[in-house]
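Each remark here refers to the structure printed beneath this line.
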Amino acid sequence: IPCVNFKSIESYFWWEGNINKSKEVQLIIKCKKENLNDICNKITEWHSYKIPEIIYFPVSANKNYHHWMNSI
């Protein structure tokens with residue numbers, strides 16, 4: 001993982017029939033596509049939630065940032 005951003009957030013969510021409120025840390029993890037499955041598996045293994053939220057999507061980057069990401 002070449003880069004991770006951490007952001008403190010407050011979440012409201014349905015869980016087991018109730019609305020829950022929780023202070024959480026949102027991570028934006030920047031990685032290569034070929035590492036995505038391993039990263040998702042580790043998050044699921046280490047996370048304190050039974051079903052952690054993992055959202056991923058492909059992105060594009062400028063040439064220099066792309067080269068840096070691929071050099072890690």
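The values are calculated or read from the model by the stated rules, or taken from the named source; none is laboratory data. Small disclaimer: the values here were computed from a predicted structure and weren't measured. Here Cβ is always computed from backbone atoms with ideal geometry, including for glycine, and neighbour counts include all displayed protein chains.
At a glance:
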read-out: Count of the range 16-49 residues which are in contact with a strand residue (DSSP E or B) (Cβ under 9 Å, 6 or more places away or on another chain) and of a type in the set (D, E, K, R); value: 4
read-out: Enumeration of residues in the range 12-61 that are closer than 30 Å to Ile72 by Cβ and part of a strand (DSSP E or B); value: Glu24, Val25, Gln26, Leu27, Ile28, Ile29, Lys30
read-out: Only one of Glu53, Glu45 that is under 15 Å from the mean Cα position of the chain (by Cα), surrounded by 11 or more Cβ atoms within 10 Å (Cβ to Cβ) and closer than 28 Å to Trp14 by Cα; value: Glu53
read-out: Unmet requirement for Trp14, which otherwise passes all of (1) closer than 14 Å to Ile1 by Cα; (2) out of contact with any helix residue (DSSP H, G or I) (no Cβ under 7 Å at 6 or more places or on another chain); value: (1)
read-out: Residue match in the range 2-25 (condition: at pLDDT 95 or above, exposed (fewer than 10 other Cβ atoms within 10 Å of the Cβ) and hydroxyl-bearing (Ser, Thr, Tyr)); value: yes
read-out: Any hit, the range 61-70, residues being exposed (fewer than 11 other Cβ atoms within 10 Å of the Cβ), of a type in the set (A, V, I, L, M, F, W, C) and out of contact with any helix residue (DSSP H, G or I) (no Cβ under 6 Å at 6 or more places or on another chain); value: no
read-out: Verdict on Ile43 being aliphatic (A, V, I, L, M) and at pLDDT 95 or above; value: yes
read-out: Failed criterion for Gly17 (all others in (1) at negative phi; (2) without any contact (Cβ under 8 Å) to a residue 24 or more places away in the chain hold); value: (1)
